[in-house]
Amino acid sequence: PYIVDQRTFKTLDLSQKTPRFAVTSCMSDEWKFQPDIDAIWSKFEKQNVDFVIFSGDTVYVDSFGFVERQKATAKDLWYRYSQTLTRLPFYHQKQLVPVYATWDDHDFGTN
């Protein structure tokens, strides 16, 4: 068999008295931020957190002039989420951790 991808995932240990976590926001994946994105997520991975909170603006549907605000379609959302999952190093870490997330205006592509 040919292995394309192999990672591990752990659930949150609810018996921990002091779990380690991170809170993220405004995670633009625009190419101009790529050097910063790589550095931030490399540092993040070394923190060995137990879970992450994505507090909104995880995906910028309305970036790159891709879609006019107030006009994002389901296809636009799918396309931008797929792009973001491909670009952000968080989604390619060897050790995956639980994520608790909410959407904000850029995640919808509309205010």
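The values are calculated or read from the model by the stated rules, or taken from the named source; none is laboratory data. Small disclaimer: the values here were computed from a predicted structure and weren't measured. Virtual Cβ from ideal backbone geometry, glycine too; neighbours counted across all protein chains shown. Only protein heavy atoms, including side chains, enter the accessible area calculation; ligands, DNA and RNA are left aside. Shrake-Rupley method; radii C 1.70, N 1.55, O 1.52, S 1.80 Å.
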Next on the checklist: With of a type in the set (Ser, Thr, Tyr), in a loop (DSSP other than H, G, I, E, B) and out of contact with any Gly (no Cβ under 9 Å at 6 or more places or on another chain) as the only criterion, which of SER82, SER28 stands out?
Outcome noted: SER28
Checklist entry - Do you know which of the residues in region 12-32 that are out of contact with any helix residue (DSSP H, G or I) (no Cβ under 9 Å at 6 or more places or on another chain) and within 20 Å of PRO89 (Cα to Cα) is least open to solvent (accessible area, probe 1.4 Å)? => result SER25
Checklist entry - Does any residue in region 93-111 that is within 19 Å of ASP76 (Cβ to Cβ) come within less than 6 Å, Cβ to Cβ, of a residue that is of a type outside the set (Lys, Arg) and open to solvent by 70 Å² or more (accessible area, probe 1.4 Å) six or more places away or on a different chain, and which pairs are these? => result ASP105/ASN111; THR110/GLN70
Checklist entry - Hey, PHE64 hits all of (1) part of a loop (DSSP other than H, G, I, E, B); (2) surrounded by fewer than 16 Cβ atoms within 10 Å (Cβ to Cβ); (3) modelled with pLDDT under 90 but one; which does it fall short on? => result (1)
Next on the checklist: If LYS71 satisfies all but one of (1) within 16 Å of the chain's Cα centre (by Cα); (2) within 24 Å of ASP107 (Cα to Cα); (3) open to solvent by 60 Å² or more (accessible area, probe 1.4 Å), what's the number of the condition it fails?
Outcome noted: (1)
Checklist outcome for this item: Residue hits (region 33-52; without any contact (Cβ under 8 Å) to a residue 24 or more places away in the chain and loosely packed, with under 10 Cβ neighbours inside 10 Å) are PRO35, LYS43, LYS46
Checklist outcome for this item: Taking region 91-111 and keeping residues modelled with pLDDT under 90 and open to solvent by 80 Å² or more (accessible area, probe 1.4 Å) leaves TRP103, PHE108, ASN111
Checklist entry - Quick check: is even one residue across region 74-90 open to solvent by 70 Å² or more (accessible area, probe 1.4 Å), farther than 19 Å from GLY109 by Cα and out of contact with any helix residue (DSSP H, G or I) (no Cβ under 7 Å at 6 or more places or on another chain)? => result no
